[in-house]
Each structure stands twice: as C-alpha cells, then as structure tokens.
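Working notes, beginning with the structure itself.
The values are calculated or read from the model by the stated rules, or taken from the named source; none is laboratory data. This structure is a prediction, so every number in the text was calculated from the model and none was measured. Please note: Cβ atoms are built from the backbone with ideal geometry, for glycine as well, and neighbour counts cover all protein chains shown. The area values use the complete protein model at the heavy-atom level, side chains included, leaving out ligands, DNA and RNA. Shrake-Rupley method; radii C 1.70, N 1.55, O 1.52, S 1.80 Å.
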Amino acid sequence: MRIKTKLNLGVGLLFLMIIILSLVSAYSVFLIKQDTENILKSNYNTLEYSRNMIFALDGMKSDSKKTIQNFEENLEKQTRNITEPGEKQATEKLMASFALLEKNNADENLKAQIRQDIFAIMKLNLDAIKQKSDIAKQSAETANLSIAIVGTLCFLIAFNLLVNLPNNIANPIKELTFSIKEIANKNYSERVHFTSHSEFGDLAKSFNTMAQKLEEYHDSNVYKLLFEKKRLETLINNMNDPIIGLDHEGIVLFANDEALKIIGLKSEDAIGKRASELATTNDLIRSLILKETEENSKKQPLKIFANSKESYFEKEILNITITPTGEEKEINIGDVIILRNITLFKELDFAKTNFIATVSHELKTPIASIKLSLQLLENTKTGEMNDDQKQLVESIKDDSQRLLKITGELLNLSQLETGNIQLNIEKSNPSKIADYAVEAVKVQADQKQIQLIIDADENLKDVKADSEKTGWVLINYLSNAIRYSSEKSTILIKLKEENNQIVFQVIDTGKGIEPRYKDKVFDKYFQIPGSPKTGTGLGLAISKEFIEAQNGTVGVESNLGLGSTFWFALKV
C-alpha cells in the first residue's frame, strides 16, 4: 500500500471517529438534559404546588380569606400541570373536597380528606420522579458506554498510528540516509532493499539503479581519467603560447614547454612549487604573477629575451572558479596565466610606424613646394588671374593645407608610437596655455561668429606640462568644438583645480555624441558616423597620447542634442 494511502486512511478514520464521538457525546448530554427538564417541569412543580396548598390548609384558622385565596391559586396551577396517569382524577377529587370546605371551613374531616387528596397527588408525582430518574440514569449509563466504546476505538486507532506510522516513514529514511553516506564514501556496492510497493520502494529502486551506474562509471573512469589527463598535458605542451597553471594557494600545477623555456626553469624545479617562492629568484615569474592593481592602467606587452631574440608577449590571467556539486556559492580554484606571442604583430606595427614616418616626412618637401608655387601664383608680379583661376588656386591651397595637416598628424603619431617624442616638461601657466589656444583658433571662430569665453578660477597653480603640446591639444579640442557648433553660439573654456590637478574643459552647445560612440572618440582613425569627413580621425588619438605622456588624463562628457564637454587634467 502506498504511504499516501496509509496516511489518508489512518488519519481519515481517526478524524471520522472523533466526529462520531463528538456527535454521540452531544446527543447523550441532550437526552439527559431533556429528562431532567421533564422532571422539573412535570413533577417538581406539582410537588411545589401541593406543599403550598398544605401550608394554606394549615393556616385557614387564623386568616381564612387569605389562605383560601392562596390555596385556590396553587390549585389552579395544579390543574394546568397534570402530566401523570391518575393525576387528573385525584385533582378533580381535590377540587370537589375544596368546594365543600369553602362552605364550611371549620370541618376538620374535610380538611383531613383534602390532605389525603393532596398526598395522593404528591405520591403520583414522586413515583413518576423515581421512574423518570431511573430512565435518566439509564440514559446516562448508555451514553457513558457509547462514549467509552467510541473513545476506545479512537485511542486504539491513534495509538496504532503513533506506534506504526513514524516507524513506517522514519525507518526507510534512516536506511536510505545510511546508504547515501556509504555512496558518498565511494562504497558504490551499497544497495537499499525495500520490499514494499510504497513510494519508498520506488525510491529504493531508483537509488539502486543510480548506485549501479555510479559503480560502473567509477570502474570504467579510472582509465579514462588517466587518458584524459595525458591528453590535456599533450595539448597544453603542444600550444605555441606559454601557459602556466596555479592552484588557489599559488602553487604551480603545470607549465608547458614554451613557458619553461622563457622562465628558464626545468619542470621538476617549477611544478609543485609555490609561485611566490620562485618569484624571489626569477624576475619573469614575479612579473607574471603580478596582477594589475589599477583598472585603467595601460597594459604594456612583456618584452622577453629568449631563444637568442627579443619577443613580445601579451599577458592574460584567467581566474578559474567552480560551483561544487550541491552548493550554490562559487569558489576559486586557481589561475591560468597565458602569454600570447605578439612578436609578429609588434614587428609589423614597427614597420607600419616607420613607413608612415618616412612617407610623411618625404611628403613634406613636395607639399612645401606646392605652397611656394601657390604663393608665386598669387603674386601679382607673376601675372593677373581671372576669377576661375583664383578659385582653382584657392582650392589647391585648401587641399595642400589639409594635406600638410594630415602629414603633421601622421608624423606626430609615428613619433608617439616609436617613443621618439620629445617633451619639454616645465612649469606652465594654465591661463597662458588657454589664451594661446584661443588666439590660434580666433579666425576660425570669427568666420562662424562664435564667441570664445575663458572661465578660469582665481590663483590657479602652474602645471607640470609641455606647454606647446598641451596648447596643441587644447587647439584640437577648440577646432572640433567650432566645427560642430552652430553659428553665433558660445564655446566655454573652463579652467579649475580638482584633486591636485588642473582641469581644462572645452564646453560647446553642438549636437553632442551618441552614448555608443563616447568610448571610441579617442581611438585612432575613428570618426563619428554622419559627421563631415574633414580630417584623418587622428587628432583626438594624438591628444590622448600627448596628455598621457605627461601623466595626465583625458575624457569626454556628452548628451545627444545637448552639446559636449571635452576635458583633460594635468598635475599641478
């Protein structure tokens, strides 16, 4: 029988018996109450009336009128309370005798006759009381017997449930718990034997199936685990990138051949040793296990001399976490350090940078010749030009100026990438840098009738900066602001001191920048889609490099349709 069915039957039967016991008890009490009320109403009242009539009869000598009236009232009540057989005849006889007594209240014989009639009525009611009392007693005994029988049945059912039900549920659970502990201790031969067809039987069958599969899995997996371990070791060793694995305590678990080559250690000298101990004698390991402490720190490739040549590697530390079976919280089990070989890309980048620098430098000479030729053409001594020729010369002049700007930006970029940029760091006045930048773009601003306003805090401290490069950055910010601002608008150049730094802000009221492009505006060659292609997309990238080379920071704040605020900060 199923456990659920047993519970339903046992508890349901006990509930039914409790209801029956309650109904029997209530009915029995009702019967006893009814019998008692019947005695009080039918017989006790008659006895009370009879007693009053005897008292009235005895007092007729002193006050005949009052006692007769009292007698008549009680006699009248008695006539309305006739309930027993023979009581009516006795009452009528009493009434006849009382009628004679009213005519002659001094007749003692009549009074004696009346007493006998009253005693006859009282005897009838006393006999009825005894008879009804016996009936009530019998009803009470029957009620006690019924309640006792039903109560005994309830007790037996409850006692049976108390003794058997907990054991029926707890014993299989206890046995199952023991078996689960055995399985957890890798005793996969453990089985549960329940012969019942209850839910526990189904559970035992499923548990035994699971244990059998675990036993098979355990027996077959020892070889597989060893095979997979060898496979992983072979894969890791055949990878071209150096890989080192550490556990959560910093002990080296594995290191492939490429990693052992660059750190200059043998496998037995590294595997199983604590990385922090190896780092005391090996600078490369110390730099590998060093994690970045600043989120915005610029990741520089590692330059490693190995195999008689310089190689460049990009370090990546992967933190490995798992969620243990049966738990919800993740735990850290170690780290994997991967060094990606970027030597080829670095060499290509060097070649590209050198090519750009060479081409940009070579282009300056012909561009200078073109500008000189344009100046000669514009000289009236060379000859007069018509309007179409003047327009062509003006167009060539604009293109050559743009080409000269592009080559200048490319040269600056190549200098930054090769590290050949020369900075003249000195005490510089922020207000003078701002005045210089405003003066440089004044003509450009006047063409669009844009007002340039400098808002500088009083008593600003000097900054540690290259004033020429910093001025170039501020000019670049202002040029972009003028380009994207509407005519007759205002551009604010704000200078303020914050956190031991001087912050330069260029605030415009242009169309702003979409949020998805804000993180890309300082990337090389990036131009916001839909904006006029008037440059190379290098201006902001070079500005960022100039400022960061001076240990400063750059950024932008913008909302679409509400303008932009480009800023950079330098230490005082």
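Within the stretch 362-395, the GluC sites (Glu not before Pro) that combine a DSSP coil assignment with at most 15 other C-beta atoms in a 10 angstrom radius are Glu384.
Solvent-accessible surface (1.4 Å probe) assigned to Ser489 amounts to roughly 10 Å².
On a 32 Å Cα-Cα criterion, which of the cross-link pairs Lys309/Lys520; Lys442/Lys520; Lys261/Lys329; Lys303/Lys469; Lys448/Lys544; Lys315/Lys520 come out too long? Violating the 32 Å limit, Cα to Cα: Lys309/Lys520; Lys261/Lys329.
Summary of the geometry: the stretch 142-207 and the stretch 461-496, compared by the centres of their Cα atoms, lie 85 Å apart. Taking a ≥ b ≥ c as the square roots of the eigenvalues of the alpha carbon gyration tensor, the stretch 479-572 is oblate, as a/c is not under 1.5 and a/b does not beat b/c.
Between Leu562 and Ala158, the modelled label-to-label distance comes to 7.4 nm, taking each label 7 Å out from Cα in the direction of the beta carbon. Under the combined filter of DSSP loop state and at most 14 neighbouring Cβ atoms within 10 Å, the stretch 418-524 retains these GluC sites (Glu not before Pro): Glu458, Glu487. Extension gain for Val336 to Ile271 (0.36 nm times residue separation, less C-alpha to C-alpha distance): 22.0 nm. Could you compute the FRET efficiency for Thr281 and Val11, with r as their C-beta to C-beta distance and R0 at 56 Å, rounded to 0.05? It comes out at approximately 0.15. Other residues within the sphere of radius under 13 Å centred on the Cβ of Pro85, judged by their own Cβ, net out at -1 (K and R +1, D and E -1). Let me make sure I get this right: for the stretch 460-520, a, b and c are the square roots of the gyration tensor eigenvalues over alpha carbons, sorted descending. Under 1.5 in a/c it's rounded, otherwise prolate if a/b > b/c, else oblate. Which is it? Judged from the Cα gyration tensor, the stretch 460-520 comes out prolate (a/c at least 1.5, a/b above b/c). Straight-line reach from Lys381: taking Cα to Cα under 25 Å and skipping same-chain neighbours fewer than 8 places apart, the lysines in range are Lys371, Lys390, Lys397. Summarise the accessible area of the stretch 152-214 (1.4 Å probe, protein heavy atoms) by the percent that is carbon and sulfur. With neighbouring chains kept in place, the figure for the stretch 152-214 is 63 percent.
By the gyration tensor of its Cα atoms, with a ≥ b ≥ c the square roots of the eigenvalues, what is the shape of the stretch 77-225: rounded for a/c under 1.5, prolate for a/b over b/c, or oblate? The shape class here is prolate. When the trypsin sites (Lys or Arg not before Pro) in the stretch 467-520 are filtered for DSSP coil states and for at most 11 other beta-carbon atoms within 10 Å of their beta-carbon, the remaining sites are Lys488.
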